[in-house]
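Participant: Dropping a structure here in structure tokens format, bear with me for questions.
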Amino acid sequence: MKRIFSALLFAAACASANAAAPIARIQAMLAKPDQLCGRFEQTKQLAGMKKPLVSSGRFCVVAGKGVLWRTLKPFPNTLRLKKDEIVHLQGERVSMRLDASQEPTVRMINGVLFSLLAGDLGQLETLFEVDGSVNDGGWKVALKARSAALARAIGTISLDGAAYVRTIHMNEESGDKTDIVFSEIKTGPASLLPEEAALL
């Protein structure tokens, strides 16, 4: 489950927050389009393993619908995040479904992700200790989970960006580390491929 949550946190690539005065400045810098898609490259270093796991693909965020995280290499698979569920797809087949009514952690994680995507600073500050700075047209933010349960699920997160998040770095309690780099970001209805629109 941690692996899935780690992958999904890539999709927080639309908004984030900061402490005290810089909050308003970061909010003003962030674009909040209704539809956003782009490419990602994820490098995951598992504790005790020398060689990192590298994957790449596309992500899409659609306000009011959800998030798609489509890994294309090395093996194709898709994660779909909606308000009350996380679905893992292999092709068109559902290989796993986590429902918030059966798995309370899903609601908590989804709450975090949707707060990030919506730029809901109040919710973020309820769940995280938030620190950050603004300089040279960009920003950096660090999120540290306030609750032990959230810390176990996602560890600590740092992000940087400008109008959009550029990179996300995660440190999990297990010692695993994940770096995600975003590129080729496009917005608007044309940013979604037809198959992505169908999945959402």
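Participant: Go through the stretch 166-186 and give me each residue that's of a type outside the set (Phe, Trp, Tyr) and closer than 20 Å to residue 80 by Cβ.
Facilitator: Correct list: 168, 178, 180, 185, 186.
Participant: Within the stretch 22-57, can you find the residues that are closer than 22 Å to residue 184 by Cα, polar (S, T, N, Q) and in contact (Cβ under 8 Å) with a residue 40 or more places away in the chain?
Facilitator: 27, 35, 42, 43
Participant: Hey, can you tell me all the residues within the stretch 149-170 that are more than 26 Å from residue 187 (Cα to Cα) and at pLDDT 85 or above?
Facilitator: 156
Participant: Please enumerate the residues belonging to the stretch 64-82 that are of a type outside the set (Phe, Trp, Tyr) and either modelled with pLDDT of 90 or more or loosely packed, with under 14 Cβ neighbours inside 10 Å (or both).
Facilitator: 64, 70, 71, 72, 73, 74, 76, 77, 78
Participant: Being modelled with pLDDT under 85 and part of a loop (DSSP other than H, G, I, E, B): is that true of residue 101 here?
Facilitator: When the stated conditions are applied, residue 101 passes them.
Participant: Let me ask another. Can you pull out every residue in the stretch 31-60 that is under 15 Å from the mean Cα position of the chain (by Cα) and in a loop (DSSP other than H, G, I, E, B)?
Facilitator: 32
Participant: Within the stretch 83-99, can you find the residues that are surrounded by fewer than 16 Cβ atoms within 10 Å (Cβ to Cβ) and either within 15 Å of the chain's Cα centre (by Cα) or of a type in the set (A, V, I, L, M, F, W, C) (or both)?
Facilitator: Answer for the stretch 83-99, where residues must be surrounded by fewer than 16 Cβ atoms within 10 Å (Cβ to Cβ) and either within 15 Å of the chain's Cα centre (by Cα) or of a type in the set (A, V, I, L, M, F, W, C) (or both): 83, 94, 96.
Participant: Specify the residue that is farthest from residue 165 (Cα to Cα); the eligible residues are those in the stretch 14-49 that are modelled with pLDDT under 90 and of a type in the set (Lys, Arg).
Facilitator: Among residues in the stretch 14-49 that are modelled with pLDDT under 90 and of a type in the set (Lys, Arg), the one farthest from residue 165 (Cα to Cα) is 25.
The values are calculated or read from the model by the stated rules, or taken from the named source; none is laboratory data. Note that the structure is predicted; figures quoted are calculated from it, not measured. All Cβ positions, even for glycine, are placed from backbone atoms using ideal geometry, and neighbour counts span all protein chains on display.
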